[in-house]
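Asker: One structure, as structure tokens, below. Some questions next.
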Amino acid sequence: MYSILVLEDDTELNQTICYSLEKEGYRVFCAYSCQEGKASVDNQTVDMVILDVNLPDGDGFEFCRWLKARRNVSVLFVSARDLEEDVLNGYELGADDYITKPFSMKILLKKISVILSREPKNINIYDDGFLKIDFALGMVQKGQKECPITPTEYRILRKLIEHKGQLLTYSVLLDALWDEGVQLMDKHALAVNINRLRKKIENEEHAYISNVYGMGYIWK
């Protein structure tokens with residue numbers, strides 16, 4: 001399940017967007033100011049931010065710059081500012097798209113779906129503020145401490161994160177790992193390795209891997 005932060009100071013529009021996203025099955029956080037938005041980013045795992053430019057306590061462009069310096073999160077601007085320089089500024093700051101008001105909710109939902117279905121921009125680094133993984137170096141940190149993992153756990157972790165929010169069935173995951181030289185013979189052996197991995201990277205406040213009973217696993 002993807003998590004989306006809606007940062008929009010227009011209460012009615014914010015609630016409309018949030019309601020529409022929840023109906024589509026997204027996990028949604030609502031914020032009405034930069035301060036609230038930063039608190040959500042600091043305390044939650046967010047995959048995308050729907051971001052207004054004009055906010056009561058700051059500028060959406062500055063918020064985007066602050067966000068991109070900390071997380072690899074998709075950004076979709078929704079703004080009444082339709083000048084060419086504003087749109088270009090949004091893209092230059094790393095936004096995935098820029099929609100001007102008024103807009104069609106169906107178009108917004110489609111754009112969100114397309115952006116979230118894209119391949120990750122940088123799968124070498126995963127960082128949600130608690131768990132940090134550098135795939136290039138094979139390094140995992142939980143909190144501020146390094147977390148040693150086995151080569152098999154490393155490949156499982158990478159495969160799940162590459163397909164974040166998607167269900168990987170037992171057979172698909174086993175086949176993918178087999179292709180990379182990990183010879184896990186059955187889903188029991190897979191479950192043993194995933195349980196060991198969960199004990200290393202999770203705690204009571206941070207749960208990442210969900211077992212969909214009888215089907216497979218999903219990185220939440």
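The values are calculated or read from the model by the stated rules, or taken from the named source; none is laboratory data. Not measured: the values here are computed from a predicted model. A quick note on method: Cβ atoms are made from the backbone with ideal geometry, for glycine too, and the neighbour counts reach across all protein chains shown. Please note that ligands, DNA and RNA were not included when accessible areas were found on the heavy atoms of the full protein model with its side chains. Shrake-Rupley method; radii C 1.70, N 1.55, O 1.52, S 1.80 Å.
Asker: Counting only residues 5 or more places away or on other chains, whose amide H sits under 5 Å from the amide H of MET139 once H atoms are built in the peptide plane?
Answerer: So MET139 has HN proximity to ASP134.
Asker: Going down the table (LYS199/LYS220; LYS145/LYS187; LYS159/LYS220; LYS142/LYS164), which pairs top 22 Å between alpha carbons?
Answerer: From LYS199/LYS220; LYS145/LYS187; LYS159/LYS220; LYS142/LYS164, over 22 Å: LYS145/LYS187.
Asker: Quick check on packing: order 140-150, 191-201 by the mean number of other C-beta atoms within 10 Å, highest mean leading.
Answerer: 191-201, 140-150
Asker: Also, quick follow-up: Note the angle between two axes, namely the Cα long axis of helix 187-201 and the longest principal axis of the Cα atoms of the chain, as a number of degrees from 0 to 90, rounded to the nearest 10.
Answerer: Roughly 60 degrees, rounded to the nearest 10.
Asker: Taking the chain as the reference, fit the longest principal axis to its C-alpha atoms, fit the long axis of helix 105-117 to the helix C-alpha atoms, and give the angle between the two in degrees, 0 to 90, nearest 10.
Answerer: Taking the Cα atoms of the chain, the angle to 105-117 is about 30 degrees.
Asker: Over the chain, consider all pairs of different Cα atoms and compute the Kirkwood hydrodynamic radius from their mean reciprocal separation; express it in Å, one decimal.
Answerer: Value: 18.7 Å, from the Cα pair sum.
Asker: With a/c under 1.5 counting as rounded, go ahead and sort region 1-51 into rounded, prolate or oblate using the C-alpha gyration tensor (a ≥ b ≥ c being the square roots of the eigenvalues; past the cut-off, prolate if a/b is larger than b/c, else oblate).
Answerer: oblate
Asker: Still on this structure: Does region 16-82 come out rounded, prolate or oblate by the C-alpha gyration tensor, with a ≥ b ≥ c the root eigenvalues, rounded set by a/c under 1.5 and, if not, prolate when a/b is larger than b/c and oblate if not?
Answerer: Oblate, since a/c reaches 1.5 and b/c is not below a/b.
Asker: Rounded to the nearest 5, what is the percent of antiparallel bridges among the DSSP beta bridges in the chain?
Answerer: Around 50 percent antiparallel, to the nearest 5.
Asker: OK, next. Can you work out the Karplus-derived ³J(HN,Hα) for every residue in region 71-81? Use 6.51 cos²θ - 1.76 cosθ + 1.60 with θ = phi - 60°, whole Hz, and x for glycine or proline.
Answerer: 9, 8, 10, 5, 10, 10, 6, 10, 8, 7, 7
Asker: Rounded to the nearest 10 Å², what accessible area does TYR154 have for a 1.4 Å probe in the complete protein model?
Answerer: About 50 Å², ignoring ligands and nucleic acids.
Asker: Which percentage, to the nearest 5, of the DSSP beta bridges contained in region 1-93 is antiparallel?
Answerer: 15 percent
Asker: HN-Hα J couplings of region 44-54 from phi, Karplus 6.51/-1.76/1.60, θ = phi - 60°, integer Hz, Gly and Pro as x?
Answerer: Going residue by residue, I get 10, 8, 10, 8, 8, 10, 8, 10, 7, 8, 8 Hz, with x marking Gly and Pro.
Asker: Turning to a different aspect of this structure: Rounded if a/c is under 1.5, else prolate if a/b is larger than b/c, else oblate: which is region 106-203, with a ≥ b ≥ c the root eigenvalues of its Cα gyration tensor?
Answerer: The shape class here is oblate.
Asker: Quick one: helix 11-23 against the long Cα principal axis of the chain, what's the angle to the nearest 10°, folded into 0 to 90?
Answerer: The helix 11-23 is inclined about 30 degrees to the chain.
Asker: Can I ask one more? Compute the convex hull volume of the Cα atoms of region 178-220, divide it by the residue count, and report the result per residue in Å³ as a whole number.
Answerer: Cα-based convex hull of region 178-220, divided per residue, equals 92 Å³.
Asker: Would you mind computing, in nm to one decimal, how far apart the modelled labels at SER117 and GLU146 are, each placed 7 Å from Cα along Cα→Cβ?
Answerer: Result: 4.1 nm between the two label points.
Asker: For region 172-204 and region 98-153, write down the distance between their C-alpha centroids in whole Å.
Answerer: 20 Å
Asker: Pull out the extension gain between THR16 and GLN183, defined as 0.36 nm times the separation in residues minus the alpha carbon to alpha carbon distance; nm, one decimal.
Answerer: Between THR16 and GLN183, full extension yields 55.3 nm more.
Asker: Let me ask something else about it. Using modelled backbone amide H atoms (1.01 Å from N, in-plane), which distant-in-sequence or interchain residues come within less than 5 Å of PHE29's amide H?
Answerer: Answer set, sorted by chain and number: ILE4, LEU5, VAL6.
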